[in-house]
1. Run the Debye formula on the Cα coordinates of segment 330-485, all scatterers equal and no solvent, and tell me log10 I(q)/I(0) at q = 0.11, 0.14, 0.18 1/Å.
2. From Cα pairs below 8 angstrom and at least 6 apart in sequence, can you work out the relative contact order of segment 120-524, rounded to a whole percent?
3. Around Pro339, under 15 Å between beta carbons, what's the net of Lys plus Arg minus Asp minus Glu among the other residues?
4. Quick one: length gained pulling Phe184 to Phe442 fully straight, 0.36 nm per residue minus the C-alpha distance?
5. Between Phe346 and Ser105, what's the calculated FRET efficiency when r is the beta-carbon distance and R0 is 35 Å? Round to 0.05.
6. With a point put 7 Å past each Cα toward its Cβ, work out how far Asn413 is from Ile237 in nm, to one decimal.
7. Pull out the extension gain between Val158 and Ser453, defined as 0.36 nm times the separation in residues minus the alpha carbon to alpha carbon distance; nm, one decimal.
8. Starting from a Cα-only point model with no solvent, please compute log10 I(q)/I(0) by Debye for segment 264-398 at q = 0.19 1/Å.
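Every number in this text was worked out from the coordinates using simple rules, so none of it is lab data. These figures come from a predicted structure and were not determined experimentally. Glycine gets a Cβ as well: all are built from the backbone with ideal geometry, and neighbour counts include every protein chain shown.
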Amino acid sequence: MRKNRVWIAVVVCFVLSFANLLFAENTASSTGNTDAIVDVLKTLQQKGVITQAEYDALKAKVDSDAQKAAEQQQVAVQQAVEQAAPQLKTVAMADEAGEAASVVSAMDNAVGFHTGRFDITFSGEVNGFALHSRPETAHPVAADLGLIDQSPDSTWSVRSGLLPSDLNIKVSTQERGWDVAVYFGIWPAIQSSNLVGVENGLAAAIGSGTVAAGTSGIDFRQNFATLGHAHFGTLKIGRDLGLFGQEAILNDMTLLGAGSTNGNNITPNNVTFGRIGVGYIYTDFIPQVTYTTPSYKGFQGAFSFMQAFDDPLWTLYTGIPLSGHTQPQLQGKLTYTYPGHGPVKFKVWSNFVTQKQTAQFGAGALAPGDGVRATGVDYGFNVGWHGLTFVGYGYNGWGIGLAGLLYDGIGFNNSDTAPIARPSQGWYSQLGYNWHKNFFGFSYGQSNLSPASNFDQAAMQGVVLPAYLGGGGIIRNNTALIGQYRYAVTKWDNLVGEYTHATSENQNFAKGDSDSFAFGTIVFF
């Protein structure tokens, strides 16, 4: 039966193609005949056989008859297509009842296509920026996680912004009332650097740098599956954005720009840092099992079991990894979106993260299973009125660190016998205005890291345990003032100009700053 359906589809497609060919030939023939008749009438009029009025009347009748003939032919072909359409079924995919499903067809409002019961869509963006950075070379600051440009002089680079480019592929369907989908997200940058893998094999010999035959590298950030129902909510399993800090970065205007240089503009990293570490902690792409509730009168919640993380800097400095992972990392989210349809738009949110970091092996005063719990909470809002938007965001944490989740979050107790959580906090505010195709935005924010004890403060300053920091100092705070202008050339393409003034201060109160200017474009599809 399936083979018969295939042959029916092939034959019908052939017949329709032949009918369209005949229609085109008949239309061309009809057009040629009409032109010939009009030429004869024009000759008769020029020789005085018929008057101008008679010529105009006869030409109008010829044109009208030709139009009617073309319309009749088009109607006939359309009727043939409609009669044959029920036979155009694919046997490659069948529905739950075993019946053949529709053939491949284009989507009206997306880049993708329908094939049988499945929708396959493609989305993503490409961006690139010319970035000029001017560090304050007179007062360089050695600070772990200091995010000002640490280059010794002014530099130029061509690099990706806070976002790398990305290609997202979604395959979705509906079965028995359930929405089922899988996602794949591929995120390449544009810079050419030995830091992220090379084609030339020279990385081991010459170290990092931007060289010919380098490569940008591909970051396969996302791959997850979802199962959802209007009355159940959505279950997600795979690798995707975390919940803590998610709204902070999604509401940050530098998501479409560059922001801070990530401490380096000589040999660009995969991306800039936007406002990461200067207002919020990076939400990150994390392996997870997440349940999201249905929306109820604007309220929606989510809860997630996620892969536990280590504090890599604690391990680097002390040689005592807290990598026991005896418990998952837990994250949760609650949002309220004002359901009105007027000029006022309003959203408020709060998230939490908690994870216990435990010693896998005993070391010093730590026994296996000993450790410290990291906990953080964030909160914020986005309010809009006509073209004006205002975003306010803040977070408080104990052991969650600065910039990256759990980075530098663990310190020493006063007796230097056990790890304890360092307090941290940060915030940013952002004002934006959309006018026609133009966007103007300004934001200011900072991230702060505090010692866990008096002994920890001395350690963070390099007074005790100098080998711990190599004689340097750990970051005390990062700040950034950012101005951005965007112009929407089309619905897809935005031109972006941006200025960032960043400062970093270490625990010894040494402070430095840098200025950067970025100009580029980001194109969505």
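1. -0.59, -0.81, -1.09
2. Relative contact order, segment 120-524: 17 percent.
3. Residues near Pro339 contribute +3 overall.
4. So the extension gain works out to 89.5 nm.
5. Computed FRET efficiency for Phe346 and Ser105: 0.35.
6. My value for the distance between the label points is 4.1 nm.
7. Gain on extension, Val158 to Ser453, equals 101.9 nm.
8. Rounded to two decimals, the profile gives -1.19.
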